[in-house]
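Single-structure report; data block below.
The values are calculated or read from the model by the stated rules, or taken from the named source; none is laboratory data. Since the model is a prediction, treat every value here as computed from it, not as a measurement. Because the Cβ atoms are built from the backbone with ideal geometry, glycine has one as well, and the counts that use them run over all protein chains shown. These accessible areas exclude ligands, DNA and RNA; they are computed on the full protein's heavy atoms, side chains included. Shrake-Rupley method; radii C 1.70, N 1.55, O 1.52, S 1.80 Å.
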Amino acid sequence: MNDEQLDGQQPAAEPAGCPKVMWDGLDSIRCNQGADSGVCPLHGQFRHPQPADPDRACLHGNMHLDADVQRLTASDDDPTVVAYIVELQVRCLACQERFRWIGVPAGLMPGMPACSPDEFTLHAPIRPSSADPDFGLSIPGFAIQFRGEGER
């Protein structure tokens, strides 16, 4: 087809492979395998997200989870790890909407999960299976309490 035959339309794109994104540090790499069969050898069967329609709500059918592990040390001078925290964030790959965590207090607590004040990041304490049950509980934490008008 030439430009006159397209009349402003985009040519149909060839089907792409697996849409999953793999992370290597800060770099992302699209898997893109299995374009011929619709089955990726790493991620199984896939379907491509439909283009967003501004008149219809996104179905959030293709989600992405960002996970990061923080190692908390005794001090700047002492590299001894005293606690681990997993930070989790979820977003929709189709519309890029971020998801908020429900039912957890805001803050950073050594003994229970908590979320960031904007509710987009979950901070969950973890410990190695070989560690004592009180591993990481000695670090200080904080909680943020939201109160309504007139409450003390």
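At a glance:
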| item | result |
| --- | --- |
| Flag if Leu72 is in contact (Cβ under 8 Å) with a residue 60 or more places away in the chain and within 22 Å of Ala143 (Cβ to Cβ) | yes |
| Hits in the range 125-142 - residues which are modelled with pLDDT of 75 or more and hydroxyl-bearing (Ser, Thr, Tyr) | Ser129, Ser130 |
| Selected residue (only one of Gln45, Gln89, Gln145 is at pLDDT below 90, of a type outside the set (Ser, Thr, Tyr) and surrounded by 10 or more Cβ atoms within 10 Å (Cβ to Cβ)) | Gln45 |
| Subset of the range 92-101 (residues that are open to solvent by 30 Å² or more (accessible area, probe 1.4 Å) and out of contact with any Asp or Glu (no Cβ under 8 Å at 6 or more places or on another chain)) | Leu93, Ala94, Cys95, Gln96, Glu97, Arg98, Phe99 |
| Residue within the range 118-141 that is open to solvent by less than 100 Å² (accessible area, probe 1.4 Å), touching a Ser or Thr at 6+ places or on another chain (Cβ under 6 Å) and either farther than 25 Å from Leu59 by Cα or not in a loop (DSSP other than H, G, I, E, B) (or both) present | no |
| Total residues in the range 63-115, condition in a loop (DSSP other than H, G, I, E, B), more than 14 Å from the chain's Cα centre (by Cα) and within 23 Å of Gln145 (Cβ to Cβ) | 7 |
